[in-house]
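What follows is a short report on a single structure.
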Amino acid sequence: MPRTETTGQAGGRVRATNRARARPRGLCYIAALAGGGTGCGCAARTFSTYDDSLVMGLLQGLLQRFGRTRETTARMPLRVFLLDDDSRRHDWFSQRFAADQLDIAVAPPAAIALLSANSYDAIFLDHDLLPEHYHTREPVDEESTGYAVAAWLAARPDVQAATTIIVHTRNDKGALKMVQTMRAAGRRAEYVPWTRLPEQIKNYWQR
């Protein structure tokens, strides 16, 4: 209902103003974008009055403020190296790094060849690479285990110098020996048990 306001001294002019609680056009536009009815018939006029990008930015900001969405920053594709003899783990890594390039080796000679020829963002090394390794924590043939690759990297600090290296084997004793050897040479290496690997990958390389 119109409301009358009196201005000036007594006997001054009287101005009638409509103070109805109308919704601003910008809010009508947001309601229209959200699929709700505005009830005021101004949505069509709003589209020609307001800058679409400005209003969409306002809407996005409101959604983020109230936790209805979150900002995501897409990272660049990675080049990942994996040394592991288990084909099931090959599939697991392929799914985990589906948008990245994954190179796989199952034995030290092939691993060393790939590491010599390419530059990697992440290196994952297993220790036990043969069935006979699974039943002992200290294999006698270290040249056929992941330790051979760890020792090769330690002896060549200029190769993959800035790359994060993760040893993911279930053989904790073998893993610690690999990590200690690489760290002694100044490498960024760490042991992550297989059960904790998904969480660590997520922390380091968020999609």
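The values are calculated or read from the model by the stated rules, or taken from the named source; none is laboratory data. A quick note: this is a predicted structure, and the numbers were derived from the prediction, not measured. Because the Cβ atoms are built from the backbone with ideal geometry, glycine has one as well, and the counts that use them run over all protein chains shown.
Entry remark, the range 121-135: residues being closer than 15 Å to residue 176 by Cα and modelled with pLDDT under 90 number 1 in total.
Residues that are under 15 Å from residue 84 (Cα atoms) and either touching a strand residue (DSSP E or B) at 6+ places or on another chain (Cβ under 7 Å) or not β-branched (Val, Ile, Thr) (or both): does the range 153-162 have at least one? Checked the range 153-162: no residue is under 15 Å from residue 84 (Cα atoms) and either touching a strand residue (DSSP E or B) at 6+ places or on another chain (Cβ under 7 Å) or not β-branched (Val, Ile, Thr) (or both). For the range 142-169, the candidate set comprises residues that are exposed (fewer than 12 other Cβ atoms within 10 Å of the Cβ) and of a type in the set (D, E, K, R); within that set, the residue that is modelled with the highest pLDDT is 158. Taken together, the criteria place residue 189 among residues that are modelled with pLDDT of 95 or more, of a type outside the set (Lys, Arg) and out of contact with any Asp or Glu (no Cβ under 9 Å at 6 or more places or on another chain).
Among the residues of the range 81-96, those identified as outside any strand (DSSP E or B) and either in contact (Cβ under 8 Å) with a residue 12 or more places away in the chain or of a type in the set (Asp, Glu) (or both) are 84, 85, 86, 89, 90, 91, 93, 96.
Yes/no matrix, rows are residues, columns are (1) closer than 14 Å to residue 83 by Cβ; (2) free of Cβ contacts under 8 Å to residues at least 12 places away in the same chain; (3) hydroxyl-bearing (Ser, Thr, Tyr):
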residue: 98; (1), (2), (3): no, yes, no
residue: 109; (1), (2), (3): yes, yes, no
residue: 121; (1), (2), (3): no, no, no
residue: 151; (1), (2), (3): yes, no, no
residue: 178; (1), (2), (3): yes, no, no
residue: 189; (1), (2), (3): yes, no, no
residue: 204; (1), (2), (3): no, no, yes
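Please verify whether residue 180 is touching a strand residue (DSSP E or B) at 6+ places or on another chain (Cβ under 9 Å), modelled with pLDDT of 95 or more and assigned to a helix (DSSP H, G or I), treating the condition exactly as stated. Yes, satisfied.
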